[in-house]
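Down below is the structure, laid out as C-alpha cells.
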Amino acid sequence: MSSFYELESREDKFIGRPAEAGLFLDERRRAALAKADSAKFSWFHAKVCCAAGVGFFTDAYDLFAINIASTMLGYVYGSGTIKFLPKYLPYLNRNQDLCVKVAGPVGSLFGQLLFGWLADTLGRKRMYGLELSMMIFATFAQAVSGSSTAISIIAALTMWRFIMGVAIGGDYPLSAIITSEFAPAKIRGRMMTVVFAAQGWGNFTAALTGFIITAAFKTTILRESAMTNLASIDYMWRILIGLGCVPGVIALYFRLTIPETPRFTMDIERNINQASADIETILDTNNPPPEEQNIIRIETPRGTWSDFIAHFSQRSNFQVLFGAAYSWFALDIAFYGLGLNSGIILQAIGFGTPVTQGVPGVYQNLKNICVGNLILSVAGLIPGYWASFFFIDKWGRKPIQLLGFAMLTIILTIMGFCYEYLTATTSATKVFVVLYCLANFFQNFGPNTTTFIIPGEVFPTRYRSTAHGISAASGKLGAIIAQVGFAQLKDIGGPNSFVKHILKIFAFFMLTGILSTLILPETKGRSLEDLSNEKQEGFVKENFSAWNCQFNRELRNHEFTR
C-alpha cells in the first residue's frame, strides 16, 4: 500500500481526474483503518472498556435483581402460596411472576432492533447515553411504583421493566459495536470480553446487595406480627431495585464524552478528513481533540433497505447472519431459562429450603436465595467470563463457542436424565449444584460471551449495529420462549415436577447450537473490513462529490476544498 507521501508526489496528476483521486482516497481510507487496527492498547481504549462495561454491569444488575426481588414481591403482593415444610408462604402466582420476569427480555428485543438500526442511521455516539438515561429513569420509576384502584403494582412494574428492557436492549449493539470499532485487531476479543464480563459482576452484585439488605432488615423482619403483614419487605425490594440507578449515573458522563467511531465517520458519514483526524487523536491521547475538519465526502456503499436485502441475499452473508442469530437464540433459551429461575430450581431440589416456620422462615428463605445466587455467580458465572478473556484471542471465538455448546449439552443432559438421583439425598443435591455451577461456567466460557462478540465483528460497518441488534434480538426471543415455557411447564404433574424435562429441552437446544456455530467464520486477529466479506480495494468509488477539487499544496496537510 502506498504511503500518503508517496501519493502526495502525484498530486499534479489528480487535478480534474476523478479516477486518480478516487484511488488516492481509497488507499488513504485503508491506510487510516489499518493504523487503527495495529494500534497499541492505550488509556483511550481503557476508557471505552470502562464506559461500556459499567453499562453492562448495570444491565445485568437490573435484569437479574428481579430473581431475588420477585420473591420479596411475593411476600408483600403475592396471591399464591408455595409449600415449605411445614408452613405455607405467600408468593407471586404464575402469571405475576412471569410478567415481572419476562417484561425485561421483551423490552430488550424491541430495544436491540430499534437502537441497532438507529446507531447505523444516526450514529453510535448520538444513541450512546440516550439508552442509559432511559434505563436510569425506568429503574428509579420501578423503585417508587405503587398500586391504585385502576392499576396493580405488578402491572406498573411490568410496564417500567419493559421500558427498562428497551434501554438495556439498546446497550447490546451499541456497546459491542463501539468497542469493536475502536479496538485494535489483535486484542479486540479481549476488549469486548472485558465489556461483557461486567455482566457477571452485575449479577454477583445484585445477589450481594440482596444479601446485605436482608441482613440489615433481619431484626425488622423478625419483629413482623404475622405472615399477612410483611411491610418491611416492601422497603427491601425497592432498595434492591433502586440501587441499580447508581452505576448507570456513574457511566453516563463517560458515555456522553466518547467520540464517534472513525469507521462510522469514514464509511457512513463518508467524511474521510474527520475520520483520519479522529484516528490520529485516538492513537495519541496527548493531542487535543481534533478541530472540525474541512469536509470531503467520499462515495462508498450506502446503507439502504434495498442494499441491505441485496447484501444478505448472498448466501455467504445470510449464512453468517443466520449462524450468529440462531446461536444466540439457542444459548439464551438455557441462559435465561436457568438464570431468571435459579431460585425456583434451587428450591425445587431442596437446596437451602428453610426449616423454620412463619416469619423466621421468610428471613431464612430470602437469605438462602441470595446465598445460592452468590454461589452460582462466584463458582460459575464470573470464572467463565475471565476464562474467555484469557483464551479468546489465543484459541479464537469459534473453538470456545463449540466447546461451550458441547459441554452444556453434556451437563444439561446429565442434570435432566439423572434428576431423580441427583435430588434424592443431601449429598446428591450438592452434586447437582456443582453441575449447575459448571453449566454457568461453560455458558460464559463459551457461547454467552462469543455470541456477543462475533456479531460485532462479521458485518459491514453500515449494517454492523443493525445486524448485531438482529442477532441479539434473536437471543432475547429465545429468552422469552424459555421464560414463558418454564412458567407454563414447570408444575405439570405437580409443583416443579417438570423441571427435569425442561433441562432436557435446554440440552437439545445446546446441541443445535453446535451446528449453527459450524457455519460461522473465525474472526480472531482479522480486521473488521476483511470480515465484512466485501472487497476493500476500490471500496471508495470514482464518483464522489469532491472529485473536481484542486489537489494543490493543501494535500500535504490533508486538507481538501470542495
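Some notes on this structure:
- Å² per residue, accessible surface of the stretch 418-487 at 1.4 Å: 25
- Here's the picture: charge each Lys and Arg Cβ at +1 and each Asp and Glu Cβ at -1 in the stretch 131-254, and of V195, S148, Y253 the one pushed furthest to the positive end of that dipole is V195.
- The stretch 135-174 - percent of accessible surface contributed by carbon and sulfur, probe 1.4 Å: 77
- Each label point was placed 7 Å from the Cα along the Cα-to-Cβ direction; for L122 and I151 their separation is 2.4 nm.
- Computed from label points 7 Å out along Cα-Cβ, the spacing between A231 and F322 is 6.1 nm.
- For the residues I392, I309, a 1.4 Å probe over the protein chains yields an accessible-area ranking, largest first, of I309, I392.
- Cα shape, the stretch 151-221, gyration tensor, a/c 1.5 rule: oblate
- Backbone geometry of the stretch 401-417 corresponds, through the Karplus equation with coefficients 6.51, -1.76 and 1.60 at θ = phi - 60°, to 3J(HN,Hα) couplings of 5, 5, 4, x, 4, 5, 5, 5, 4, 5, 5, 5, 5, 4, 5, x, 6 Hz, x marking Gly and Pro.
- For Y91, nonlocal amide neighbours, meaning residues 5 or more places apart or on other chains whose placed amide H falls under 5 Å from its own, are S79, G80, T81, I82.
- Burial ranking of peptide ranges 63-76, 227-240 (average Cβ count within 10 Å, highest at the top): 63-76, 227-240
- Highest average packing first - 422-434, 265-277, 39-51, Cβ atoms within 10 Å: 265-277, 39-51, 422-434
- Rounded Å value of the spacing that divides the Cα centres of the stretch 169-186 and the stretch 457-475: 11
- Carbon/sulfur fraction of accessible area - the stretch 380-442, other protein chains in place, 1.4 Å, %: 78
- Label reach from K186 (point 7 Å along Cα→C-beta): in the stretch 258-284, amide nitrogens under 18 Å belong to 283-284.
- Percent of C-alpha pairs per 10 Å bin, the stretch 414-518, short to long: 13, 35, 31, 15, 5, 1
- Three-way shape call for the stretch 217-287 based on the alpha-carbon gyration tensor, with the a/c threshold at 1.5: prolate
- Taking a sphere under 13 Å around the Cβ of S465 and counting the other residues whose Cβ falls inside, with K and R at +1 and D and E at -1, yields a net charge of -1.
The values are calculated or read from the model by the stated rules, or taken from the named source; none is laboratory data. Small disclaimer: the values here were computed from a predicted structure and weren't measured. Heads up, the Cβs are rebuilt from the backbone with ideal geometry, glycines too, and the neighbour counts pull from every protein chain shown. These area figures cover heavy atoms from the full protein model, side chains too; ligands, DNA and RNA do not enter into them. Shrake-Rupley method; radii C 1.70, N 1.55, O 1.52, S 1.80 Å.
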